Each structure stands twice: as structure tokens, then as C-alpha cells.
């Protein structure tokens, strides 16, 4: 393998704005790890993963629409639109064997991608995400998602920074990284509130669409034992029980478990890749 290979930044224009992403393709025939960060996080969420894998695997990571470098962006799109944009970017980069690794909102997007393009995905790893099927959610949970923006707007920004970083991660590295990503919105905290509110409303719409959201490929659920975000732990237990998907709990890890325990998460991703390789990327 080449040493010191670096991710290349690129962009894709949509009617709502420009999406920035980073990609490193070593061999187009091989599997590509497609990392999708959660709501209000960006490509830096996966820096411990991209650093580890970029010299041995094809790697892709983006700043989701309306996030970090993918701004300005008009908040007038759906989770289905995001899946379509992602597909167009992957096609543009000639990425045909993706294993999609989604953290939180990134995991919901991965499920929407599977719903739209069931034959294109070779594997799915959910990191501290949850199922998109409506049957898992209560009416009250959906109602709260639709009204989350108000909570973000009344929270003082400094308190939100503190709560956001401590609530998402257990380790000093994980907390500092989350704070750094949140600081992208420091010049206009209302933008952060609008983004969070829009993201949760978009999620509620996708859930209310009541589509099958069938997992059409080999999958792995990863969840931090100390994940405090919503009901993530409860959802993952139910997902595992109902669908029979393997579930790995990460010790001493919060909602961003890949930042709290990157070595363990990287090991699980590596094991998943080797199993996919044994099956054959076309299988």
C-alpha cells in the first residue's frame, strides 16, 4: 500500500447547495467504506476511522447537506433526497461496492438508501443509530421529533455546547471533538437550532412514511453501553431481537462510540470487511 495517501476533497452540486466530501479510492473493484456522520456532526466524527483505514481500503466520508463545509444549503429536502444525492455522488466516484457505516442520523440515511437502492449496498454498520420502521416508535416520540427545534432555541448556546459534548461522548477526546464540530455554528447558534430542528422533522417524515425499510444486506449494530441519546439502547435491543441482527455493545462509550473507543470499533469494522470479502463483493 502507498504510505501517506491522503483523502481528496471534492464536491457535488444540488439544487439546494453544494455537498463537500472526501474520498480515497485505492482499487475500484474493492469494497468502499462509506462513512455517514450524525446530525450536527461532520466528517471529523470519523477521523479515527479514516486515518486507520485510508491506506488499506477505499474510504468515503461527507459533510451532510447543511453541515460544516456543505453550507450554505437550503433546508428544503427529505431523507429520500439525501439518499438520491449520496447515490449520485457514489456513482460519480465509481463506488459500486459500498459498506455504509452510519452514526445516528447517518444510520437512518443508510436505511433510506437501502430502501431506495436495495441492490447497491454490500453491508450496513449502524453506530448508535436506530431502526427507521414506524412500528418501533410511539406517537409521542414522533410528536417530540417534530418539535425539537424549540428546545434547541430556548437552550443557551454555552449550555448547549456543554450538554452536547458531554451527552454524546464519555472520553476527553470524544467530548472535545464534539465541541469542535458544534463550534462550526458558533457565529450563529440559531443556525445550529434550525439545523437540529430540521433534521429531526425530516427524520419524523421518513418514519411516518411507514416504508418497509428492510435491511437488504449483511448488517451489524454497534452501540455504546453509556449511550444517553434518546432511547438508542432500547431501540438497539429491540432491533436485535426482532430482526436477528448482531449487536455489539461498546464499553465506556457514549452516543459517539466510534470516537470514545475507536480501536474497538475499527476492529469490528475490520472483522465485518473480512467477512464481506469471504462472501465476495458481488455476493
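The C-beta contact set for the range 90-111 (first residue at pLDDT below 95, second residue in a helix (DSSP H, G or I), distance under 8 angstrom, 6+ apart or interchain) comprises 96/90. Looking at this structure, is residue 164 in a strand (DSSP E or B), in contact with a helix residue (DSSP H, G or I) (Cβ under 6 Å, 6 or more places away or on another chain) and either under 30 Å from residue 58 (Cβ atoms) or in contact (Cβ under 8 Å) with a residue 12 or more places away in the chain (or both)? When the stated conditions are applied, residue 164 does not pass them. How many of the residues in the range 168-188 are over 17 Å from the mean Cα position of the chain (by Cα), part of a loop (DSSP other than H, G, I, E, B) and under 18 Å from residue 37 (Cβ atoms)? Residues meeting the conditions: 1.
On inspection, residue 61 passes the criterion of being closer than 25 Å to residue 165 by Cβ, crowded, with 24+ Cβ neighbours inside 10 Å and touching a strand residue (DSSP E or B) at 6+ places or on another chain (Cβ under 8 Å). Note on the range 128-148: residues that are in a helix (DSSP H, G or I) and over 12 Å from residue 202 (Cα atoms) total 8.
Against the condition assigned to a helix (DSSP H, G or I), surrounded by fewer than 18 Cβ atoms within 10 Å (Cβ to Cβ) and touching a residue at least 24 places away in the same chain (Cβ under 8 Å), how does residue 191 come out, does it pass? Write out each step before concluding.
Numbers: assigned to a helix (DSSP H, G or I): yes; surrounded by fewer than 18 Cβ atoms within 10 Å (Cβ to Cβ): yes; touching a residue at least 24 places away in the same chain (Cβ under 8 Å): no.
Against the criterion (assigned to a helix (DSSP H, G or I), surrounded by fewer than 18 Cβ atoms within 10 Å (Cβ to Cβ) and touching a residue at least 24 places away in the same chain (Cβ under 8 Å)), residue 191 does not qualify.
Only one of the numbered conditions (1) out of contact with any strand residue (DSSP E or B) (no Cβ under 9 Å at 6 or more places or on another chain); (2) farther than 30 Å from residue 191 by Cα is violated by residue 81, and that is (2).
Please tell me if residue 266 is over 16 Å from residue 106 (Cβ atoms), in a helix (DSSP H, G or I), within 17 Å of the chain's Cα centre (by Cα) and at pLDDT 95 or above.
Working: over 16 Å from residue 106 (Cβ atoms): yes; in a helix (DSSP H, G or I): yes; within 17 Å of the chain's Cα centre (by Cα): yes; at pLDDT 95 or above: yes.
Considered against the rule, which asks whether it is over 16 Å from residue 106 (Cβ atoms), in a helix (DSSP H, G or I), within 17 Å of the chain's Cα centre (by Cα) and at pLDDT 95 or above, residue 266 comes out as yes.
The conditions of being within 26 Å of residue 124 (Cα to Cα), part of a helix (DSSP H, G or I) and free of Cβ contacts under 8 Å to residues at least 40 places away in the same chain are not met by residue 158.
Just one of the numbered conditions (1) assigned to a loop (DSSP other than H, G, I, E, B); (2) within 20 Å of residue 230 (Cβ to Cβ) is not true of residue 111: (1).
Each residue in the range 235-255 was checked for being out of contact with any strand residue (DSSP E or B) (no Cβ under 7 Å at 6 or more places or on another chain) and either at pLDDT below 95 or in a loop (DSSP other than H, G, I, E, B) (or both), and 3 pass. Restricting the range 134-155 to residues that are in contact with a helix residue (DSSP H, G or I) (Cβ under 7 Å, 6 or more places away or on another chain) and in contact (Cβ under 8 Å) with a residue 60 or more places away in the chain leaves a set whose member that is nearest to residue 196 (Cα to Cα) is 145. Candidates 24, 10, 55, 75: the one that is in contact (Cβ under 8 Å) with a residue 60 or more places away in the chain and more than 30 Å from residue 227 (Cα to Cα) is 10. Are any of the residues in the range 231-245 more than 22 Å from residue 35 (Cα to Cα), touching a residue at least 60 places away in the same chain (Cβ under 8 Å), surrounded by 15 or more Cβ atoms within 10 Å (Cβ to Cβ) and under 19 Å from the mean Cα position of the chain (by Cα)? Within the range 231-245, one or more residues are more than 22 Å from residue 35 (Cα to Cα), touching a residue at least 60 places away in the same chain (Cβ under 8 Å), surrounded by 15 or more Cβ atoms within 10 Å (Cβ to Cβ) and under 19 Å from the mean Cα position of the chain (by Cα).
The values are calculated or read from the model by the stated rules, or taken from the named source; none is laboratory data. Keep in mind it's a predicted model, so treat the numbers as computed, not measured. FYI the Cβ positions are ideal-geometry reconstructions off the backbone, even for glycines, and counts take in every protein chain you see.
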